[in-house]
Amino acid sequence: MKSKRLLGFRRRARVGINVVMVLIVLLLILPLWYVLNNAFKVEKEILRRPLVLLPSAATLDSVIRSFKAMKYPRVFMNSAVVFALSCALLISAGSLAAFGIAMAKSRFLNAVYVVLVAMITLPFQLAMVPLIFLLKGLRLMNSYLGTALVYSGWFLPFVVFLYTGFIRTVPKELEEAGRVDGCGLFRSYRSIYIPLLKSITGTVLILRGVPIWNDLLVPIITISRATMSTLPLKLYSFIASSGSSATRWNLVFGSTFLVSVPILFVFLFLQRYFVRGVVAGAIKG
């Protein structure tokens, strides 16, 4: 009797968990569907029936107009350069720092690691005002490098935390075998550890690359030239300039669609590496 009750309880619990998960997925999909649903409608149909499943006459007019209004090729290149620079700095600096922390038996480096982990909890808003003065002093305002350095400093503690946890799960015998073959510390990092870091690097690119692409706060601080606007900054200025009473919702949804598509493909491409990184970090060692 107890076993039957236990089985019944487990089944009900499993059904309840599945229902909750389905509701969570629906809540996450709803904003994406709302954008896709209205990006291919004319403005009148958006205002009249924004939640209709299928528009009566789908059109690319809103997307094409948004493409021209945003000057999409130029703004896309701005975002791509900032994204590439930021990710390159995060991956190179984060993996090197994590390698040093994980391999060296040093109380000082362990203390540095604890401080870095603690810095993950600090909100970025604490550093906003000093950051403006620092960038002006270094003449890095309105520059791709300055914006990328801000992202690197902001996200580096979390990246070091991920890389350190992964490197500590790699068997020490690999590094010892490389040392026997004449590998120095840096060569061991380059030849042995970098190939193993591919999966966790995919995880880093998803967990920090996606927020970098979608971020609006940092470009507002570091970029004031219209020619250097990133996609989220351009979208923000595009919406704000029209005013709430005269917002062209067809252009708003078309622009949102254009901003979201590139990073969606990046996410789909890196998804397998994300799963591998999480699983590898959980079962190695």
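The values are calculated or read from the model by the stated rules, or taken from the named source; none is laboratory data. Note that the coordinates shown come from a computational prediction; the quantities given were computed from them, not determined experimentally. FYI the Cβ positions are ideal-geometry reconstructions off the backbone, even for glycines, and counts take in every protein chain you see.
In region 59-89, the residue that is modelled with the highest pLDDT out of those that are surrounded by 12 or more Cβ atoms within 10 Å (Cβ to Cβ) and outside any helix (DSSP H, G or I) is Lys71. Of the residues making up region 116-139, just one is closer than 14 Å to Val150 by Cβ, among the β-branched types (Val, Ile, Thr) and in contact (Cβ under 8 Å) with a residue 40 or more places away in the chain, namely Ile132. Here Lys4 clears all of (1) at pLDDT 75 or above; (2) loosely packed, with under 12 Cβ neighbours inside 10 Å except the condition numbered (1). Residues that are surrounded by 17 or more Cβ atoms within 10 Å (Cβ to Cβ), touching a strand residue (DSSP E or B) at 6+ places or on another chain (Cβ under 6 Å) and basic (Lys, Arg) number at least 3 in none of the helices (runs of 4 or more DSSP H) confined to region 143-233. For Val112, the conditions (1) surrounded by 11 or more Cβ atoms within 10 Å (Cβ to Cβ); (2) closer than 25 Å to Ile223 by Cβ all hold with the exception of (2). For region 33-58: of the residues being in a helix (DSSP H, G or I), touching a residue at least 24 places away in the same chain (Cβ under 8 Å) and out of contact with any helix residue (DSSP H, G or I) (no Cβ under 6 Å at 6 or more places or on another chain), which is nearest to Lys234 (Cα to Cα)? Looking at residues that are in a helix (DSSP H, G or I), touching a residue at least 24 places away in the same chain (Cβ under 8 Å) and out of contact with any helix residue (DSSP H, G or I) (no Cβ under 6 Å at 6 or more places or on another chain), I get Leu36. Here Gly182 fits the description: on the phi > 0 side of the Ramachandran plot and at pLDDT below 85.
In region 143-177, what residues are of a type in the set (Asp, Glu) and in contact (Cβ under 8 Å) with a residue 40 or more places away in the chain? Talk me through it step by step, then tell me what you get.
Just the residues of region 143-177 that are of a type in the set (Asp, Glu), to begin with: 173, 175-176.
Glu175 - this is the single residue of region 143-177 that is of a type in the set (Asp, Glu) and in contact (Cβ under 8 Å) with a residue 40 or more places away in the chain.
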